[in-house]
Amino acid sequence: MNLAVKTVSKTLYYTCRLLSLGYLAITAYAIFCLLSGAWMELQEGGRRFVITWPFSGTPFLLGHYNLPYILFDFLLVTAFYGWFFYLAGSVFRLFYQPRVFTENGVRQLNRFSGTNLFLPAAGWLLAAIFSSLEKEALLLVAVHFILGVFAWLLAAIFKQGVNLQGEQDLII
Amino acid sequence: MPIIVNIDVMLAKRKMQSKELAEKIGITPANLSILKTGRAKGIRFDTLEAICKVLDCQPGDILEYKAE
């Protein structure tokens with residue numbers, strides 16, 4: 001791979017890892033605050049919650065204070081994006097390795113593809129059953145589905161690449 | 001595969017070990033073993049040239065066609 005590809009993929013890898021860490025930390029922090037009541041206050045007669053930045057009164061996370069919303073529209077979404085960016089980072093990492101076409105690459109792409117094809121749709125279905133949904137949510141599900149299809153096609157190309165690489169290795 | 005690689009025969013004639021040949025032609029012993037056991041999909045001209053040079057032989061001494 002040329003230097004530009006390596007630089008871009010490395011940058012995207014670190015960005016995705018950072019975003020993943022951020023989302024997972026937000027999820028963990030929100031769970032902690034919602035369970036313990038620390039750095040959290042209820043508003044509008046207990047209908048809405050406000051989670052503030054730690055050791056400050058500045059609002060950070062806002063939402064409806066009921067279990068279906070907290071589970072399916074809030075925690076599930078932040079946890080999903082934590083996982084999504086982790087997997088996206090793993091995919092970008094493939095492009096700056098000395099060997100691009102590997103079985104590990106195919107595995108990473110299949111994992112990323114499966115996550116985008118099925119998890120948002122499943123999450124949307126759960127949220128539709130137990131909670132209320134905004135129209136934009138379906139658009140996001142569609143975007144993730146298309147991304148999943150692209151990753152699936154890319155995985156097929158990588159699989160072919162692995163086979164060709166294997167044959168190439170047998171030309172001495 | 002109907003193409004037989006006779007490196008072992010030439011090595012025996014020249015009283016040379018596989019490891020020594022691998023070193024002299026600049027490939028790994030593992031790749032030479034792939035070549036010798038007929039698992040290789042192909043052989044590069046420069047590898048063939050190096051083998052012929054080191055073993056002082058012709059490509060026909062190393063490669064043989066046997067109909068299946």
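The values are calculated or read from the model by the stated rules, or taken from the named source; none is laboratory data. These numbers were taken from a predicted model, which means no experiment stands behind them. Cβ placement follows ideal geometry from the backbone for every residue including glycine, while neighbour counts extend to all protein chains displayed.
Working only within region A:47-67, note down all residues that are within 23 Å of A:E134 (Cα to Cα), surrounded by 14 or more Cβ atoms within 10 Å (Cβ to Cβ) and over 21 Å from the mean Cα position of the chain (by Cα). Steps first, answer last, please.
Going through region A:47-67, the residues within 23 Å of A:E134 (Cα to Cα) turn out to be A:47-51, A:59-67.
Among the residues that remain, those that are also surrounded by 14 or more Cβ atoms within 10 Å (Cβ to Cβ) are: A:48-51, A:60-61, A:63-66.
Result: A:R48, A:F49, A:V50, A:I51, A:H64, A:Y65, A:N66.
Just give me the residues in region A:158-170 being of a type in the set (A, V, I, L, M) and surrounded by 13 or more Cβ atoms within 10 Å (Cβ to Cβ), in sequence order. It would help to see each step written out before you state the result.
Keep residues of region A:158-170 that are of a type in the set (A, V, I, L, M), which gives A:162, A:164, A:170.
Once the filter is applied, which keeps residues that are of a type in the set (A, V, I, L, M) and surrounded by 13 or more Cβ atoms within 10 Å (Cβ to Cβ), region A:158-170 yields A:V162, A:L170.
Name the single residue, out of those in region A:118-172 being in a helix (DSSP H, G or I) and acidic (D, E), that is farthest from B:V5 (Cα to Cα).
Applying the first criterion (in a helix (DSSP H, G or I)) to region A:118-172 yields A:118-130, A:135-169.
Subset that is acidic (D, E): A:136, A:167, A:169.
Numbers: A:E136: 65, A:E167: 18, A:D169: 18 Å.
For region A:118-172, the residue satisfying everything is A:E136.
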(message) Looking only at region A:97-128, how many residues end up being touching a residue at least 60 places away in the same chain (Cβ under 8 Å) and either more than 17 Å from A:I157 (Cα to Cα) or buried (at least 19 other Cβ atoms within 10 Å of the Cβ) (or both)?
(response) 1
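Listed residues B:L48, B:L63; which is aliphatic (A, V, I, L, M) and farther than 15 Å from A:L170 by Cα? Don't jump to the end; show me each part of the working.
Working: B:L48 fails: farther than 15 Å from A:L170 by Cα.
Testing whether each residue is aliphatic (A, V, I, L, M) and farther than 15 Å from A:L170 by Cα leaves just B:L63.
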(request) Considering (1) within 30 Å of A:I157 (Cα to Cα); (2) of a type in the set (A, V, I, L, M, F, W, C); (3) crowded, with 18+ Cβ neighbours inside 10 Å; (4) more than 17 Å from the chain's Cα centre (by Cα), say which one A:V5 fails and leave the rest. (result) (3)
(request) May I ask you to list the residues in region B:33-50 that are among the hydrophobic types (A, V, I, L, M, F, W, C) and at the interface with chain A (Cβ under 10 Å from one of its Cβ atoms)? (result) B:I34, B:L35, B:A40, B:I43, B:L48
(request) Report whether or not B:N31 is modelled with pLDDT under 95, in contact with an Asp or Glu (Cβ under 7 Å, 6 or more places away or on another chain) and of a type outside the set (A, V, I, L, M, F, W, C). (result) no
(request) Output the residue which, of all residues in region A:153-170 that are farther than 22 Å from A:R111 by Cα and in contact with a helix residue (DSSP H, G or I) (Cβ under 9 Å, 6 or more places away or on another chain), is nearest to the other protein chains (Cβ to nearest Cβ). (result) A:L170
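Of all residues in region A:78-130, count the ones that are touching a Pro at 6+ places or on another chain (Cβ under 6 Å) and under 17 Å from A:C16 (Cβ atoms). Lay out the reasoning, then the answer.
From region A:78-130, those touching a Pro at 6+ places or on another chain (Cβ under 6 Å) are A:130; that's our starting set.
Now narrow it down to the ones that are under 17 Å from A:C16 (Cβ atoms): none.
Qualifying residue count, region A:78-130: 0.
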(message) Out of the residues in region A:75-96 meeting the condition of being over 14 Å from the mean Cα position of the chain (by Cα) and part of a helix (DSSP H, G or I), tell me which one is surrounded by the fewest Cβ atoms within 10 Å (Cβ to Cβ).
(response) A:R93
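Tell me which helices (runs of 4 or more DSSP H) are completely within chain B and hold 3 or more residues being in contact with a helix residue (DSSP H, G or I) (Cβ under 8 Å, 6 or more places away or on another chain) and free of Cβ contacts under 8 Å to residues at least 24 places away in the same chain, or say none if there are none.
Values: elements: B:7-14, B:18-25, B:29-36, B:45-55, B:59-62.
Filter on chain B gives B:18-25, B:29-36, B:45-55.
Which one of B:A22, B:A30, B:A12 is surrounded by fewer than 17 Cβ atoms within 10 Å (Cβ to Cβ) and within 13 Å of another protein chain (Cβ to nearest Cβ)? Before the answer, list the steps.
Numbers: B:A22 fails: surrounded by fewer than 17 Cβ atoms within 10 Å (Cβ to Cβ); B:A12 fails: within 13 Å of another protein chain (Cβ to nearest Cβ).
None of the other options fit; the residue is B:A30.
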